[in-house]
Each structure stands twice: as C-alpha cells, then as structure tokens.
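**Q** After the structure tokens below, expect a handful of questions from me.
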C-alpha cells in the first residue's frame with residue numbers, strides 16, 4: 001500500500017528473475033529494496049492509467065532501473081497535465097516520465113515464460129487498461145471490491161466504465177482474482193454476484 005492508499009504491484013517470474021512494476025504510486029525505496037533483496041531484474045514499469053497516485057514514482061524508477069515506462073496513449077493528456085493536477089490536489093508536483101511504449105488492446109507484455117495481455121478498460125480515464133495473466137487481473141481503478149472507479153475526473157465516463165466492466169472484465173472466468181488499484185483483492189465471480197454498481201437496479205439509473 002502506497003502513501004496515496006493505492007496498491008502498487010511487483011509481478012515476478014521466478015524462473016527468469018524478471019519483474020514488472022505495476023502502478024508505482026509511491027514507496028519507490030521499498031520497490032527498489034524488494035527487487036534487490038529478491039534479485040529480480042525489472043524489465044518494465046506499467047501504469048494502468050496516468051493519475052498521480054499511479055505514476056508518482058514512475059519517473060524515478062524509470063531512471064534508476066533504466067527500464068521503459070508503458071502507458072496507453074489515451075492518457076497522455078493526463079500525463080502532460082500532472083503538474084496542474086498536483087497543484088489542484090495541493091500535493092507536491094510529480095515528474096512525468098515519457099511514454100516509452102504505448103499500450104493498446106491485445107498487446108502482450110512478456111514476463112519470462114508468461115505474458116500479460118492488455119485489455120482496454122476506459123471509463124475511469126480514457127486510456128485506462130487492465131492486465132490479465134493466467135488467473136489474475138490487475139484492474140487499475142476500473143473495478144474494486146464492492147465498487148467501481150470514480151468517473152468525475154477529466155475524461156471519465158460512467159457509461160463507458162460500466163461497458164468496460166461488463167464487456168471486458170465480467171467475460172473472464174469467475175475464479176479470476178482481481179487485484180485493483182485500491183482496497184482488497186476480489187474475484188470476478190464475487191463482483192458479478194454482489195457488486196451493487198453492477199446490479200440490474202443500478203443499470204436502470
């Protein structure tokens with residue numbers, strides 16, 4: 001859990017020792033210590049979207065680890081506006097890294113013998129993506145345990161977000177574990193059955 005109350009993930013392949021840093025919103029020192037302690041070699045930094053709490057340490061880690069930063073081009077405008085966004089939030093300005101690799105629907109991100117599939121899940125932001133590998137889904141701020149991402153920030157859209165969840169996330173197997181940008185882990189099946197924002201009653205609003 002990072003200072004923004006946001007979840008940062010380090011996904012590693014034990015056989016190759018390769019690792020991917022997902023949504024580095026804080027605690028860069030802890031990430032670097034983990035990589036060093038486990039002797040993992042970071043190969044990429046991936047942001048599910050460009051809000052400050054998901055990219056706060058991206059520029060620093062990109063420089064110290066000498067690895068590419070990956071983001072969907074749909075959120076490039078948010079990355080460009082990071083200084084103003086931080087000013088509006090009353091937090092120190094965050095350095096925006098350049099986009100070294102633009103993500104798009106269906107892209108495969110190699111990690112040792114496995115790969116993560118990029119799924120476009122806009123709505124929380126225009127360029128939001130989720131990352132699917134085996135029985136795991138890193139959902140960013142699209143879907144949470146019992147909730148969904150906010151849509152009142154620039155580029156957000158509730159209808160688009162609900163469509164992303166229903167057409168992209170809920171099509172995955174029920175046992176798929178959802179690791180979101182905030183809060184606790186859940187599963188696709190649990191959210192399908194219990195998430196109030198995905199109920200027929202909410203759909204009619």
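The values are calculated or read from the model by the stated rules, or taken from the named source; none is laboratory data. Bear in mind that the values here come from a model prediction, so they are computed numbers and not experimental data. A quick note on method: Cβ atoms are made from the backbone with ideal geometry, for glycine too, and the neighbour counts reach across all protein chains shown.
**Q** Among the residues of region 54-68, count how many are assigned to a helix (DSSP H, G or I) and either at pLDDT below 95 or in contact with a helix residue (DSSP H, G or I) (Cβ under 8 Å, 6 or more places away or on another chain) (or both).
**A** Going through region 54-68 one residue at a time, the tally reaches 5.
**Q** Of the residues 78, 71, which single one is modelled with pLDDT of 95 or more, within 17 Å of the chain's Cα centre (by Cα) and farther than 19 Å from residue 164 by Cα?
**A** Going through 78, 71 in turn, just one is modelled with pLDDT of 95 or more, within 17 Å of the chain's Cα centre (by Cα) and farther than 19 Å from residue 164 by Cα: 78.
**Q** So, in region 155-205, exactly how many residues are part of a loop (DSSP other than H, G, I, E, B) and free of Cβ contacts under 8 Å to residues at least 24 places away in the same chain?
**A** Residues in region 155-205 being part of a loop (DSSP other than H, G, I, E, B) and free of Cβ contacts under 8 Å to residues at least 24 places away in the same chain: 5 in total.
**Q** Residues 99, 109: which one is surrounded by 15 or more Cβ atoms within 10 Å (Cβ to Cβ), modelled with pLDDT of 95 or more, touching a strand residue (DSSP E or B) at 6+ places or on another chain (Cβ under 6 Å) and in a strand (DSSP E or B)?
**A** Numbers: 99 fails: in a strand (DSSP E or B).
The conditions single out 109.
**Q** Further question on the same structure: Give the residues of region 37-50 that are under 10 Å from the mean Cα position of the chain (by Cα) and assigned to a loop (DSSP other than H, G, I, E, B), sorted by residue number.
**A** Scanning region 37-50 gives 47, 48, 49, 50.
**Q** I need the full set of residues from region 14-36 which are assigned to a loop (DSSP other than H, G, I, E, B) and surrounded by fewer than 17 Cβ atoms within 10 Å (Cβ to Cβ), in order please. Spell out the reasoning first.
**A** Kept after step one, since they are assigned to a loop (DSSP other than H, G, I, E, B), are these residues of region 14-36: 14-17, 23-27.
Across region 14-36, the qualifying residues are 14, 15, 16, 17.
**Q** Still on this model: Let me spell it out: the conditions are (1) surrounded by fewer than 22 Cβ atoms within 10 Å (Cβ to Cβ); (2) assigned to a loop (DSSP other than H, G, I, E, B); (3) modelled with pLDDT of 95 or more, and residue 122 meets all of them except one. Which number is the exception?
**A** It is condition (1) that residue 122 fails.
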